[in-house]
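Report on the structure given below.
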Amino acid sequence: MKVTIGTAPDSWGVWFPDDPRQMPWQQFLDEVTEAGYKWIELGPYGYLPTDLSVLRGELDKRDLKVSGSFITGDLVNPAGGPKLERELRGLGPTLKGLGASFLALIEDLYTDQLTGAPLAPVNLDTAGFQRLVDTTRRIAEIARTDYGLTLVFHSHAETHVQYEDQIEAFLDATEPELVSLLLDTGHHAYSGGNPVAFMRKHHSRIPYLHLKNVDSEVRAKVAAENIPFVKAVAMNMFVEPSRGTVDFAAFRDALRDINYVGYGIVEQDMFPAPFDKPLPIAKRTRAFLREIGMG
(Lines give C-alpha, C1' and ligand atoms only; values in the text may rest on other atoms or scores of the structure.)
Protein backbone atom coordinates (compact mmCIF):
# COMPACT_ATOMS: atom_id res chain seq x y z
CA MET A 1 0.00 0.00 0.00
CA LYS A 2 1.23 3.46 -0.90
CA VAL A 3 -1.22 6.30 -0.28
CA THR A 4 0.05 9.71 -1.36
CA ILE A 5 -1.76 12.04 1.03
CA GLY A 6 -2.77 15.53 0.02
CA THR A 7 -5.47 18.10 0.61
CA ALA A 8 -7.63 20.55 -1.30
CA PRO A 9 -9.07 24.07 -1.11
CA ASP A 10 -12.44 22.48 -0.29
CA SER A 11 -11.06 21.63 3.17
CA TRP A 12 -10.51 25.39 3.66
CA GLY A 13 -14.07 26.32 2.71
CA VAL A 14 -13.34 27.13 -0.95
CA TRP A 15 -16.04 26.28 -3.48
CA PHE A 16 -15.78 29.07 -6.02
CA PRO A 17 -13.06 30.92 -7.95
CA ASP A 18 -13.97 34.07 -6.06
CA ASP A 19 -16.24 34.60 -3.07
CA PRO A 20 -15.87 37.07 -0.17
CA ARG A 21 -16.55 34.27 2.32
CA GLN A 22 -13.41 32.42 1.20
CA MET A 23 -9.94 33.04 2.57
CA PRO A 24 -7.20 34.51 0.37
CA TRP A 25 -5.35 31.88 -1.62
CA GLN A 26 -2.02 32.83 -0.05
CA GLN A 27 -3.39 31.95 3.39
CA PHE A 28 -4.67 28.63 2.08
CA LEU A 29 -1.26 27.66 0.70
CA ASP A 30 0.53 28.80 3.85
CA GLU A 31 -1.79 26.80 6.08
CA VAL A 32 -1.54 23.69 3.90
CA THR A 33 2.21 23.79 4.48
CA GLU A 34 1.82 24.46 8.20
CA ALA A 35 -0.52 21.48 8.51
CA GLY A 36 2.11 19.18 7.03
CA TYR A 37 0.80 18.44 3.53
CA LYS A 38 3.03 18.20 0.46
CA TRP A 39 0.36 17.61 -2.20
CA ILE A 40 -2.72 19.61 -3.16
CA GLU A 41 -5.50 19.83 -5.68
CA LEU A 42 -5.88 23.21 -7.37
CA GLY A 43 -9.56 23.64 -6.50
CA PRO A 44 -11.97 25.73 -8.59
CA TYR A 45 -10.15 27.18 -11.58
CA GLY A 46 -9.31 30.79 -10.86
CA TYR A 47 -9.01 30.54 -7.08
CA LEU A 48 -5.26 29.96 -7.27
CA PRO A 49 -3.25 32.00 -9.81
CA THR A 50 -3.91 30.87 -13.37
CA ASP A 51 -0.57 32.09 -14.70
CA LEU A 52 1.59 28.98 -14.75
CA SER A 53 4.86 30.67 -13.87
CA VAL A 54 3.29 32.54 -10.95
CA LEU A 55 1.56 29.44 -9.62
CA ARG A 56 4.66 27.29 -10.01
CA GLY A 57 6.67 29.85 -8.07
CA GLU A 58 4.14 29.96 -5.23
CA LEU A 59 4.06 26.17 -5.01
CA ASP A 60 7.84 25.76 -5.24
CA LYS A 61 8.57 28.15 -2.41
CA ARG A 62 6.25 26.10 -0.20
CA ASP A 63 7.52 22.74 -1.52
CA LEU A 64 4.05 21.76 -2.74
CA LYS A 65 3.12 19.45 -5.62
CA VAL A 66 -0.18 19.10 -7.49
CA SER A 67 -2.06 15.82 -7.90
CA GLY A 68 -4.78 17.24 -10.13
CA SER A 69 -7.90 19.35 -10.20
CA PHE A 70 -11.51 19.16 -11.35
CA ILE A 71 -14.01 20.53 -13.79
CA THR A 72 -17.75 20.43 -13.33
CA GLY A 73 -20.65 20.87 -15.71
CA ASP A 74 -23.84 19.58 -17.28
CA LEU A 75 -23.04 16.14 -18.68
CA VAL A 76 -26.56 15.43 -19.88
CA ASN A 77 -27.61 18.37 -22.06
CA PRO A 78 -25.80 18.65 -25.42
CA ALA A 79 -24.83 22.26 -24.71
CA GLY A 80 -22.83 21.17 -21.68
CA GLY A 81 -20.13 19.35 -23.60
CA PRO A 82 -18.56 22.36 -25.36
CA LYS A 83 -18.50 24.33 -22.11
CA LEU A 84 -16.69 21.50 -20.33
CA GLU A 85 -14.22 21.24 -23.19
CA ARG A 86 -13.46 24.96 -22.93
CA GLU A 87 -12.85 24.57 -19.19
CA LEU A 88 -10.53 21.64 -19.83
CA ARG A 89 -8.63 23.61 -22.47
CA GLY A 90 -8.11 26.36 -19.92
CA LEU A 91 -7.05 24.11 -17.06
CA GLY A 92 -5.27 21.35 -18.94
CA PRO A 93 -2.05 23.21 -19.81
CA THR A 94 -1.63 24.23 -16.17
CA LEU A 95 -2.03 20.67 -14.92
CA LYS A 96 0.34 19.37 -17.56
CA GLY A 97 2.86 22.10 -16.81
CA LEU A 98 2.81 21.21 -13.10
CA GLY A 99 3.20 17.49 -13.72
CA ALA A 100 -0.25 16.61 -12.40
CA SER A 101 -1.75 13.25 -13.33
CA PHE A 102 -5.49 13.43 -12.70
CA LEU A 103 -8.56 15.34 -13.79
CA ALA A 104 -11.72 14.83 -11.76
CA LEU A 105 -15.01 15.26 -13.58
CA ILE A 106 -18.10 16.20 -11.58
CA GLU A 107 -21.62 16.43 -12.92
CA ASP A 108 -23.57 19.57 -12.01
CA LEU A 109 -25.83 19.04 -9.03
CA TYR A 110 -29.54 18.78 -9.72
CA THR A 111 -30.01 21.34 -6.93
CA ASP A 112 -28.74 24.91 -6.73
CA GLN A 113 -25.28 25.04 -5.13
CA LEU A 114 -26.19 28.11 -3.07
CA THR A 115 -29.86 27.67 -2.21
CA GLY A 116 -30.60 23.96 -2.62
CA ALA A 117 -33.53 24.69 -4.96
CA PRO A 118 -34.23 21.93 -7.52
CA LEU A 119 -32.78 22.60 -10.97
CA ALA A 120 -33.14 19.33 -12.89
CA PRO A 121 -34.89 15.95 -12.66
CA VAL A 122 -33.57 13.63 -9.96
CA ASN A 123 -33.50 10.60 -12.28
CA LEU A 124 -32.31 10.20 -15.86
CA ASP A 125 -33.98 8.26 -18.62
CA THR A 126 -31.94 5.88 -20.76
CA ALA A 127 -31.10 8.52 -23.35
CA GLY A 128 -30.01 11.00 -20.70
CA PHE A 129 -27.73 8.47 -19.06
CA GLN A 130 -26.17 7.64 -22.43
CA ARG A 131 -25.47 11.34 -23.05
CA LEU A 132 -23.78 11.54 -19.64
CA VAL A 133 -21.58 8.58 -20.56
CA ASP A 134 -20.76 9.96 -24.01
CA THR A 135 -19.79 13.37 -22.63
CA THR A 136 -17.59 11.72 -20.03
CA ARG A 137 -15.84 9.69 -22.73
CA ARG A 138 -15.22 12.78 -24.83
CA ILE A 139 -13.69 14.73 -21.95
CA ALA A 140 -11.62 11.72 -20.92
CA GLU A 141 -10.21 11.35 -24.43
CA ILE A 142 -9.15 15.00 -24.61
CA ALA A 143 -7.66 14.90 -21.12
CA ARG A 144 -5.60 11.80 -21.94
CA THR A 145 -4.53 12.68 -25.47
CA ASP A 146 -3.77 16.39 -25.09
CA TYR A 147 -2.66 16.70 -21.48
CA GLY A 148 -1.61 13.24 -20.31
CA LEU A 149 -4.30 13.20 -17.62
CA THR A 150 -6.30 10.27 -16.28
CA LEU A 151 -9.96 11.16 -15.89
CA VAL A 152 -11.46 10.11 -12.56
CA PHE A 153 -15.22 10.45 -12.41
CA HIS A 154 -16.36 11.85 -9.07
CA SER A 155 -19.63 10.25 -7.96
CA HIS A 156 -21.21 13.04 -5.96
CA ALA A 157 -24.22 13.76 -3.78
CA GLU A 158 -27.26 15.14 -5.61
CA THR A 159 -26.03 14.14 -9.05
CA HIS A 160 -27.19 11.36 -11.33
CA VAL A 161 -24.25 9.12 -10.39
CA GLN A 162 -24.60 9.12 -6.63
CA TYR A 163 -25.85 5.77 -5.28
CA GLU A 164 -23.99 2.48 -5.53
CA ASP A 165 -26.28 1.03 -8.20
CA GLN A 166 -25.87 4.20 -10.28
CA ILE A 167 -22.08 4.11 -9.91
CA GLU A 168 -21.96 0.47 -10.94
CA ALA A 169 -24.13 1.16 -13.98
CA PHE A 170 -21.73 3.96 -14.91
CA LEU A 171 -18.71 1.69 -14.50
CA ASP A 172 -20.36 -0.96 -16.66
CA ALA A 173 -21.02 1.64 -19.38
CA THR A 174 -17.49 3.06 -19.53
CA GLU A 175 -14.14 1.62 -20.54
CA PRO A 176 -11.63 0.97 -17.72
CA GLU A 177 -8.73 2.08 -19.88
CA LEU A 178 -10.39 5.48 -20.46
CA VAL A 179 -12.50 6.31 -17.40
CA SER A 180 -11.51 5.69 -13.79
CA LEU A 181 -13.43 6.48 -10.61
CA LEU A 182 -12.77 8.86 -7.76
CA LEU A 183 -14.15 7.35 -4.56
CA ASP A 184 -15.11 10.01 -2.05
CA THR A 185 -15.60 8.23 1.28
CA GLY A 186 -17.81 11.02 2.61
CA HIS A 187 -20.10 11.37 -0.40
CA HIS A 188 -20.38 7.60 -0.67
CA ALA A 189 -21.45 7.25 2.96
CA TYR A 190 -23.72 10.31 2.68
CA SER A 191 -25.53 8.49 -0.12
CA GLY A 192 -26.02 5.36 1.96
CA GLY A 193 -23.14 3.36 0.53
CA ASN A 194 -20.37 1.39 2.20
CA PRO A 195 -17.04 2.81 1.01
CA VAL A 196 -15.02 -0.03 2.54
CA ALA A 197 -16.92 -2.78 0.74
CA PHE A 198 -17.16 -0.73 -2.44
CA MET A 199 -13.40 -0.16 -2.47
CA ARG A 200 -12.75 -3.85 -2.06
CA LYS A 201 -15.10 -4.66 -4.94
CA HIS A 202 -14.07 -1.98 -7.42
CA HIS A 203 -10.49 -1.10 -6.51
CA SER A 204 -9.21 -1.83 -10.01
CA ARG A 205 -11.11 1.26 -11.23
CA ILE A 206 -10.20 3.54 -8.30
CA PRO A 207 -6.75 5.23 -8.37
CA TYR A 208 -7.87 8.34 -6.52
CA LEU A 209 -9.61 8.97 -3.19
CA HIS A 210 -11.21 11.87 -1.38
CA LEU A 211 -11.02 11.30 2.36
CA LYS A 212 -13.62 12.58 4.80
CA ASN A 213 -16.32 11.29 7.10
CA VAL A 214 -20.01 11.85 7.82
CA ASP A 215 -21.75 12.82 11.04
CA SER A 216 -24.40 10.13 11.61
CA GLU A 217 -26.84 12.35 13.52
CA VAL A 218 -26.75 15.11 10.91
CA ARG A 219 -27.11 12.53 8.15
CA ALA A 220 -30.20 11.07 9.83
CA LYS A 221 -31.75 14.53 10.13
CA VAL A 222 -30.94 15.36 6.50
CA ALA A 223 -32.52 12.12 5.31
CA ALA A 224 -35.60 12.49 7.50
CA GLU A 225 -36.25 16.09 6.49
CA ASN A 226 -35.03 15.88 2.88
CA ILE A 227 -32.54 18.69 3.46
CA PRO A 228 -30.57 19.64 0.32
CA PHE A 229 -26.85 19.02 0.08
CA VAL A 230 -25.69 22.62 0.33
CA LYS A 231 -27.61 23.10 3.57
CA ALA A 232 -26.34 19.76 4.90
CA VAL A 233 -22.77 20.96 4.38
CA ALA A 234 -23.52 24.15 6.31
CA MET A 235 -24.87 21.95 9.13
CA ASN A 236 -21.42 20.28 9.38
CA MET A 237 -22.54 17.10 7.70
CA PHE A 238 -18.94 16.26 6.80
CA VAL A 239 -16.41 15.70 9.55
CA GLU A 240 -12.76 14.73 9.78
CA PRO A 241 -11.87 11.07 9.12
CA SER A 242 -11.37 10.23 12.80
CA ARG A 243 -14.98 11.17 13.60
CA GLY A 244 -18.02 9.75 11.86
CA THR A 245 -19.70 6.72 10.38
CA VAL A 246 -16.91 5.52 8.06
CA ASP A 247 -14.53 3.15 9.85
CA PHE A 248 -11.16 4.43 8.66
CA ALA A 249 -9.25 1.59 10.30
CA ALA A 250 -11.30 -0.84 8.22
CA PHE A 251 -10.80 1.34 5.15
CA ARG A 252 -7.04 1.30 5.76
CA ASP A 253 -7.15 -2.49 6.07
CA ALA A 254 -8.95 -2.70 2.74
CA LEU A 255 -6.28 -0.53 1.10
CA ARG A 256 -3.59 -2.79 2.54
CA ASP A 257 -5.33 -5.96 1.39
CA ILE A 258 -5.65 -4.72 -2.19
CA ASN A 259 -2.17 -3.14 -2.11
CA TYR A 260 -3.59 0.22 -3.09
CA VAL A 261 -1.24 2.63 -4.82
CA GLY A 262 -2.71 6.07 -5.46
CA TYR A 263 -3.72 9.39 -4.02
CA GLY A 264 -5.73 10.07 -0.87
CA ILE A 265 -6.80 13.70 -0.87
CA VAL A 266 -8.34 15.06 2.32
CA GLU A 267 -11.38 16.98 1.14
CA GLN A 268 -13.73 17.86 3.96
CA ASP A 269 -16.53 19.90 2.43
CA MET A 270 -16.91 23.17 4.32
CA PHE A 271 -18.73 26.18 2.90
CA PRO A 272 -18.82 28.76 4.19
CA ALA A 273 -16.07 28.30 6.81
CA PRO A 274 -14.73 30.82 9.36
CA PHE A 275 -11.10 31.54 8.51
CA ASP A 276 -9.85 30.10 11.80
CA LYS A 277 -11.70 26.77 11.45
CA PRO A 278 -9.81 24.76 8.77
CA LEU A 279 -6.20 24.76 10.04
CA PRO A 280 -6.74 22.92 13.36
CA ILE A 281 -8.86 20.32 11.55
CA ALA A 282 -6.20 19.92 8.87
CA LYS A 283 -3.49 19.37 11.48
CA ARG A 284 -5.55 16.79 13.37
CA THR A 285 -6.45 14.96 10.18
CA ARG A 286 -2.87 14.82 8.96
CA ALA A 287 -1.76 13.41 12.31
CA PHE A 288 -4.61 10.88 12.38
CA LEU A 289 -3.80 9.50 8.94
CA ARG A 290 -0.17 9.06 9.96
CA GLU A 291 -1.22 7.33 13.17
CA ILE A 292 -3.31 4.73 11.37
CA GLY A 293 -0.64 4.13 8.73
CA MET A 294 -2.30 5.73 5.73
CA GLY A 295 0.60 7.92 4.70
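The values are calculated or read from the model by the stated rules, or taken from the named source; none is laboratory data. This structure is a prediction, so every number in the text was calculated from the model and none was measured. Note: ideal-geometry Cβ built from the backbone for every residue, glycine included; neighbour counts use all protein chains shown.
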Here the residues within segment 198-208 that are surrounded by 19 or more Cβ atoms within 10 Å (Cβ to Cβ) and either polar (S, T, N, Q) or not in a helix (DSSP H, G or I) (or both) are 206, 208
Does any residue of segment 78-91 turn out to be more than 15 Å from residue 148 (Cα to Cα), in a loop (DSSP other than H, G, I, E, B), modelled with pLDDT of 95 or more and out of contact with any strand residue (DSSP E or B) (no Cβ under 6 Å at 6 or more places or on another chain)? no
What do you reckon, is residue 94 closer than 28 Å to residue 55 by Cα and of a type in the set (Ser, Thr, Tyr)? yes
Looking across segment 146-197 at residues that are more than 16 Å from the chain's Cα centre (by Cα), assigned to a loop (DSSP other than H, G, I, E, B) and among the charged types (D, E, K, R), the single one that is nearest to residue 119 (Cα to Cα) is 175
Can you work out which of the residues in segment 1-39 that are polar (S, T, N, Q) and touching a helix residue (DSSP H, G or I) at 6+ places or on another chain (Cβ under 7 Å) is nearest to residue 213 (Cα to Cα)? 11
Any idea how many residues of segment 14-50 are part of a helix (DSSP H, G or I) and of a type outside the set (D, E, K, R)? 8
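Yes/no per residue for (1) touching a residue at least 60 places away in the same chain (Cβ under 8 Å); (2) touching a helix residue (DSSP H, G or I) at 6+ places or on another chain (Cβ under 9 Å); (3) within 22 Å of residue 7 (Cα to Cα):
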| residue | (1), (2), (3) |
| --- | --- |
| 72 | no, yes, yes |
| 76 | yes, yes, no |
| 84 | no, yes, no |
| 100 | no, yes, yes |
| 104 | yes, no, yes |
| 110 | no, no, no |
| 116 | yes, yes, no |
If a residue must be under 17 Å from the mean Cα position of the chain (by Cα) and in a loop (DSSP other than H, G, I, E, B), how many such residues does segment 247-271 contain? 5
Scanning segment 122-156 residue by residue, the ones that are touching a Phe, Trp or Tyr at 6+ places or on another chain (Cβ under 7 Å), buried (at least 22 other Cβ atoms within 10 Å of the Cβ) and among the aliphatic types (A, V, I, L, M) total 2
For segment 213-233, the count of residues that are out of contact with any Asp or Glu (no Cβ under 8 Å at 6 or more places or on another chain), surrounded by 15 or more Cβ atoms within 10 Å (Cβ to Cβ) and among the hydrophobic types (A, V, I, L, M, F, W, C) equals 5
Pairs, please: C-beta under 8 Å, at least 6 apart or cross-chain, first residue under 22 Å from residue 151 (Cα atoms) and modelled with pLDDT of 95 or more and in segment 177-197, second among the basic types (Lys, Arg) and assigned to a helix (DSSP H, G or I)? 178/137; 178/144; 179/137; 180/205; 181/205
